[in-house]
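Comments concern the structure below.
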Amino acid sequence: MVDILSLVPNASGVALAQWLEERGEPAYRARQILPRLWQRPVGSWDDATELPAALRRALAGALPLRRLSLSTRQVSQDGTEKFLWDLGDGEAVESVLIPEGKRRTLCISSQVGCALGCVFCATGRMGFRRNLSVAEIVCQVREVMLLDVALKPTNVVFMGMGEPLLNWEAVDGALTILNHADGVAIGARHITVSTVGILPSLAKLAQRPEQFRLALSLHAPTPELRHALMPIEKKYALPAVMEALARFRRRVTLEYVLIEGKNDALEQADQLAQLARPLGALVNLLPLHPGGAPDLSPSPRARMIAFERRLRRHGVEAVLRRSRGLDISAACGQLRVELEARRKVRHRLRRVAIGEDIDPGPPQYPGPDPREPRRAAGVQDFDRHARPGAPGPGHGERGAAPAVSAAGGERRGAGDQYPMSAFQKSTVSRGSGQRPSITRAMRRAATCFRIASRSWGTRAASERRSS
Ligand code: SF4
């Protein structure tokens, strides 16, 4: 069985022609069938009613159409839409559709999770799960078109979950399908690949003849600061990345998320201008999405404007973007992380309710501790827990501070690396007459509940709007 949606248009044309010939079908059928892959997509071959019923049945058996099933759709008041796609193997990825005038930009994912652990990113917290296939990447666009053909994106950006250049083989094929006249037919200049600077794949992207756009996730003007925000700096250092951009031949965009007190000082704008000016780069200034990093804050509006003005004074073209989808979980990876936390809460509460013992485990996010790569690299985290003499961890954060027992004293144990909020303490107090395993389980369930409940209200409202 051929996964025809994973083939670039030339290859799918050859495979289809061969299959039709083997069945003794006329060659013109290929001209009827191929547009149904990307140009006028159908959800199943049954919907291609211009084809004879016997041929549709044969197509369904030999060349089935892979689908992503929509597990959640949220619509923001500003028109931004977020989709969570179920991949059928227990994994899920997100896409965000951002309408602006006549332009509809779809932000798509290239990996499930991400191994790079940038401190401001919800996807980074999740850890890496797996790469997406060509079909899983491009079908994010196809599924949006199947929902409503009027939603067909005019622009596509690889800025969703994952680092696209760490999944180059699949992204390479996806770029071809998105751009090809027999594929989705989106102009190369309307397709942007965003990367932290994976140099070997960046060179391969630069060799492609199409005018795909490149955005570099910069976020810090010096190697030291970038190292603290983005552990990848250790492998691909800023000077080498800037050199690669200078050889890119096409204009690049520098993405810069403004984080209060970290990278938003005017001196840092001066340093950023020194990097951007020789490249003639456009600088995209992005407010930190509050859902992306609970322990970091977006810069105040006045400081963002001053930062933008400072760049312009240096002759650098800079644009201060608006945060979109604030009333939905629109930060990259945020929806997936929150839904997983909710599922975990339900699961734990159910187990507590039936009095089942629960192994202690990370209550907050699935996957490995996202701070591990930074710790291994000797990078100091930007949070109060990493500073010497600072008080212990706060809400739901890992750390070495002692937890407080139900009786009010301090204790340490296998399940005590997570400190308790006031709500948790009260829960534990109420449960102090229970078996110890149930008490511990209740504390963990309370932690998960607190995380998941942060945006339940706004999500419910947005889902009501979308239904
Ligand atoms: S910002 Fe991009 S590269 Fe960094 S952790 Fe998030 S998805 Fe990965």
Exercise. Give the share of C-alpha pairs in each 5 angstrom bin for the range 4-62, from 0 to the last occupied bin, in whole percents, shortest bins first.
Key: 4, 19, 33, 30, 14, 1
Self-check item: Taking Ser133, Ser71, Ser217, Ser110 and counting other C-beta atoms within 10 Å, the order from fewest to most
Solution: Ser71, Ser133, Ser217, Ser110
Self-check item: Sorted by Cβ density within 10 Å, fewest first, the residues Thr253, Thr222, Thr49
Solution: Thr49, Thr222, Thr253
Quiz item: Taking N as the number of residues in the range 74-217, what is its Cα Rg relative to 2.2 N^0.38 Å?
Solution: 0.99
Quiz item: If amide H atoms are built 1.01 Å from N in the plane of the peptide, which residues on other chains or at least 5 residues away come under 5 Å of the amide H of Gln77?
Solution: Asp327
Quiz item: Kirkwood hydrodynamic radius (Cα pairs, Å) of the range 69-327?
Solution: 18.7 Å
Exercise. Quick one: which residues, 5+ away or cross-chain, put their amide H under 5 Å from the amide H of Val257? H built at 1.01 Å from N.
Key: His219, Leu286
Quiz item: How about the range 85-186: which trypsin sites (Lys or Arg not before Pro) there are in a DSSP loop, with at most 13 other Cβ atoms within 10 Å of their Cβ?
Solution: Lys102
Self-check item: Residue order, fewest to most surrounding Cβ atoms within 10 angstrom, among Trp168, Trp85
Solution: Trp168, Trp85
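No lab work stands behind these numbers, since they all come straight from the coordinates. Everything quoted here is computed from the prediction, not taken from an experiment. As a convention, Cβ positions derive from the backbone with ideal geometry for all residues, glycine included, and neighbour counts pool all protein chains shown.
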